[in-house]
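> Dumping the structure here so I can ask a few things about it.
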């Protein structure tokens, strides 16, 4: 709506975005209602289900290699930007740096959490990818109560935790990882590190195993980033007391991982279960 209001997105236009799949789902559904076309660029580590669902709702999907530098012309960052330049009447969403991302969570998700907890929330925990949710929600919550702690869940192979603790962007921290939906090899402008009190990193194995456990033990059929988030909550438990109200937000649905985290053959192949 911001892009429509200021003319970046014109009637009949094409929405272009690099996505791990989750933001793409929302954009694709909105595009159907409003009459836009969509082109989504995904890294090849993303689940087949994500690509299939995006195509099922009419989007064009372009798949790029995961194991390349962000500025490599083959990366999904670079390909998204190139397609936006080459496609007439298109809008490149750029969820990593687009301030509307954090703004949406500041205006909607944050107030919803505050209201549903009757203002009693003491800790907010969430996986970090683009940074829009943690920054928007975190800003709103801390404006209501500066004592609220905001915790980010990161993954091994991502730069967030070390950068938050040291201010150093360490390329040695970057390597391919299996976890989907969180972590980055860049520093998105939407990540407001001043709002975040701390990070914890969750391994690929733990994220996958806890994704399964949420379904089998809690009846919650959620995605890979949710498994990482709940394991992160357990890793952070020393910071919580029995009277605290801890809110963890899950971004992702399990239907997108039927061939991965919910497939025991795949889990065994990865060495995550016996």
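> Find the Cα radius of gyration of the range 10-85, compare it with 2.2 N^0.38 Å by division, and give the number to two decimals.
On the way: Rg = 12.0 Å, N = 76, 2.2 N^0.38 = 11.4 Å.
Normalised Rg, Cα atoms only: 1.05.
> Can you work out the FRET efficiency for the pair residue 175 and residue 52, with r the C-beta to C-beta distance and R0 = 25 Å, to the nearest 0.05? It would help to have the intermediate numbers written out before the result.
Working: r = 28 Å, r/R0 = 1.11.
Using R0 = 25 Å, I get an efficiency of 0.35.
> A follow-up question, please. With an 8 Å cut-off on Cα pairs and a minimum separation of 6 or more residues, tell me the relative contact order of the range 2-92 in percent.
Values: 150 pairs, mean separation 29.9, N = 91.
Here the relative contact order equals 33 percent.
> What is the Rg over Rh value, at two decimals, for the chain, using alpha-carbon atoms and the Kirkwood definition of Rh? Working shown, then result.
Working: Rg = 18.4 Å, Rh = 19.2 Å.
Here Rg/Rh amounts to 0.96.
> Next up: Counting helices only, and only those DSSP H runs with n ≥ 4, report the 222 nm mean residue ellipticity of the chain as the sum of -39,500 (n - 2.57) divided by its residues, in deg cm²/dmol to the nearest 500.
Working: 11 runs with 104 residues, N = 274.
Taking each H run of at least 4 residues, the total per residue is -11000 deg cm²/dmol.
> Right, next: Averaging sequence separations of C-alpha pairs under 8 Å and six or more residues apart, then dividing by the length of the range 99-270, give the relative contact order as a whole percent.
Averaging sequence separation for qualifying contacts and normalising by length gives 24 percent for the range 99-270.
> So what's the range 165-217 giving for Cα Rg divided by 2.2 N^0.38 Å, two decimals?
Values: Rg = 13.7 Å, N = 53, 2.2 N^0.38 = 9.9 Å.
Cα-based Rg divided by the globular estimate yields 1.38.
> Shifting gears a bit: Put a dot 7 Å past each Cα toward the Cβ at residue 216 and residue 118; how far apart are the dots in nm?
It works out to 3.7 nm between the two label points.
> Remind me, relative contact order of the range 59-144 in percent, using alpha carbon pairs under 8 angstrom and six or more residues apart? Show your work: numbers first, answer last.
Values: 75 pairs, mean separation 21.4, N = 86.
So the answer I get is 25 percent.
> Listed highest first by mean packing, meaning other Cβ atoms within 10 Å per residue, what order do 173-181, 112-120 come in?
Values: 173-181: 20.0, 112-120: 13.3.
Descending mean neighbour count gives 173-181, 112-120.
> Under the 0.36 nm per residue contour assumption, what length would be gained going from the current alpha-carbon distance of residue 189 and residue 10 to full extension? Each step should come with its number before you reach the end.
Working: separation 179, 0.36 × 179 = 64.44 nm, distance 2.53 nm.
In short, 61.9 nm is gained.
> I've got another one for you. Arrange the following residues from fewest to most other Cβ atoms within 10 Å of their Cβ: 80, 20.
Working: 80 22, 20 27.
The fewest-first ordering by Cβ neighbours comes to 80, 20.
> Can you pull the three principal axis extents for the Cα set of the range 90-215, in Å, largest first?
40, 40, 34
> At what distance in angstrom do the alpha carbon centres of the range 198-267 and the range 30-67 lie from each other?
24 Å
> Turning to a different aspect of this structure: Sort 199, 262 so the one with the fewest other Cβ atoms within 10 Å of its own Cβ comes first. Provide the component values of the computation, followed by the final result.
Values: 199 21, 262 18.
In increasing order of surrounding Cβ atoms, one gets 262, 199.
> What does DSSP give for the chain in terms of the percent of beta bridges that are antiparallel, rounded to the nearest 5? If you can, show how the numbers build up before the last one.
Details: 1 of 29 bridges.
Given both bridge residues lie in the chain, the antiparallel proportion sits at roughly 5 percent.
No lab work stands behind these numbers, since they all come straight from the coordinates. The model shown is predicted, which means the values in this text are computed figures rather than measured ones. So basically every Cβ, Gly included, is an ideal-geometry build from the backbone, and we count neighbours across all protein chains shown.
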